[in-house]
Amino acid sequence: MAATSSNTTHIVITGASSGLGAALATAYAAQGKQTIQLSLCGRNPTALHTLADQLTTQYQTECRCYVVDVRQADAMQQMAHAAILGFGTPHIVIANAGVSRGTLTEFEADIPAFQAVFDTNVMGLVHTFQPFIAAMNQAAQQGKPAHLVGIASVAGIRGLPGAGAYSASKAAAISYLESLRVEMQAHGIGVTTIAPGYIRTPMTDINTYPMPFLMEADRFATQALKVIANRRRFTVIPWQMGVVARLLRFIPPILWDAIMKKAPHKARLD
């Protein structure tokens, strides 16, 4: 196992090929306060290696790339083993990989889309965290930092029309991460849930409807790093969407139905 000095932080990030994952990796590399080692995971080898080369050239950040799909439990086990051998037990594991699809239950053709969204957005969290917990538990018992971070979404607060799969998967992610947070207390491992609002990424670029409080990915990443450093339990970024999220919880179902009746839908992929 590779030795890790006391001023080195090993961070594992899934979904690092683009969007929030790439922004988080860049923000960590740019910190400059300590040595950062990044295990970058994603499905696009070209994008992963391009990002790793950029971070190495610009910030002298050590990066290792793992081409892996979070839906595949065995592959994630192998990735975790390789990451620990490469840089040692990670201090932070960020389960960021996620997908969004417009879905409608009335269409039989959308059933595979529902499955794919749940496999990535929910089981992907489990597949990402589980292989690291034993090693991180040992590290935490020695007084070393150990932190799991899950990227959920404001969409998990209330069900959005045309986004049944995405909303439900993110609601499940929020509940799962809450359960995990309590479970990990006994191990000394922190768990943070971050629920982004609308962040400018390839995932949101295809949306044809207004996106309130739209935030650039680099600004999101800067704020997310502060949340993680402070070991916050749950937060919404940007804060304006946090206010909206709190209000959404209290809207009666009959009023919610009326408001959402004519709401725009994310387009289905035929």
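Test Arg101 against the stated conditions and say whether it is basic (Lys, Arg), over 28 Å from Arg232 (Cα atoms) and either under 21 Å from the mean Cα position of the chain (by Cα) or at pLDDT below 95 (or both).
Taking the combined requirement at face value, the residue satisfies it.
If you go through the stretch 227-257 one residue at a time, how many are of a type in the set (Lys, Arg) and under 15 Å from His147 (Cα atoms)?
3
Please list, ordered by first then second residue, the pairs with beta carbon atoms under 6 Å, 6 or more apart or interchain, first in the stretch 223-237 and closer than 18 Å to Ser175 by Cα, second in a strand (DSSP E or B) and of a type in the set (Ser, Thr, Tyr).
Arg232/Thr192; Phe234/Thr193
Being of a type in the set (A, V, I, L, M), touching a residue at least 40 places away in the same chain (Cβ under 8 Å) and either closer than 22 Å to Gly21 by Cα or surrounded by fewer than 17 Cβ atoms within 10 Å (Cβ to Cβ) (or both) is the requirement here; does Ala186 meet it?
The answer is no for Ala186.
Could you list, in sequence order, all residues of the stretch 223-243 that are loosely packed, with under 15 Cβ neighbours inside 10 Å and β-branched (Val, Ile, Thr)?
Across the stretch 223-243, the qualifying residue is only Val243.
What is the residue count in the stretch 127-167 for residues that are among the small types (Gly, Ala, Ser) and within 18 Å of Val93 (Cβ to Cβ)?
So the count comes out to 7.
Which of the following residues is at pLDDT 95 or above and of a type outside the set (Gly, Ala, Ser): Ile189, Ile206?
Residue meeting the stated conditions: Ile189.
I'm trying to understand the selection: among the residues of the stretch 11-59, which are closer than 24 Å to His127 by Cα, part of a strand (DSSP E or B) and of a type in the set (Ser, Thr, Tyr)?
Hit for the stretch 11-59 is Ser39, nothing else.
What residue, among those in the stretch 104-148 that are within 18 Å of Asp69 (Cα to Cα) and β-branched (Val, Ile, Thr), is surrounded by the fewest Cβ atoms within 10 Å (Cβ to Cβ)?
Val126
Under 7 Å between Cβ atoms, which residue pairs at least 6 apart in sequence (or on different chains) link something in the stretch 64-92 that is without any contact (Cβ under 8 Å) to a residue 60 or more places away in the chain with a partner that is assigned to a loop (DSSP other than H, G, I, E, B) and among the charged types (D, E, K, R)?
Every condition considered, the pairs that remain are Val67/Arg43; Asp69/Arg43; Ala75/Asp69.
Among (1) touching a Leu at 6+ places or on another chain (Cβ under 9 Å); (2) at pLDDT below 95, there is one condition Ile133 misses while meeting the rest; what is its number?
Ile133 satisfies all of (1) touching a Leu at 6+ places or on another chain (Cβ under 9 Å); (2) at pLDDT below 95 except (2).
Could you list, in sequence order, all residues of the stretch 245-260 that are in a helix (DSSP H, G or I), modelled with pLDDT under 85 and closer than 18 Å to Ala195 by Cα?
Ala245, Arg246, Leu248
For the stretch 78-90, what are the residues that are crowded, with 20+ Cβ neighbours inside 10 Å and not in a helix (DSSP H, G or I)?
Thr89, Pro90
The values are calculated or read from the model by the stated rules, or taken from the named source; none is laboratory data. Since this is a predicted model, take the numbers as computed values, not measurements. For neighbour counting, all protein chains shown are included, and Cβ atoms are generated from backbone atoms with ideal geometry for every residue, glycine included.
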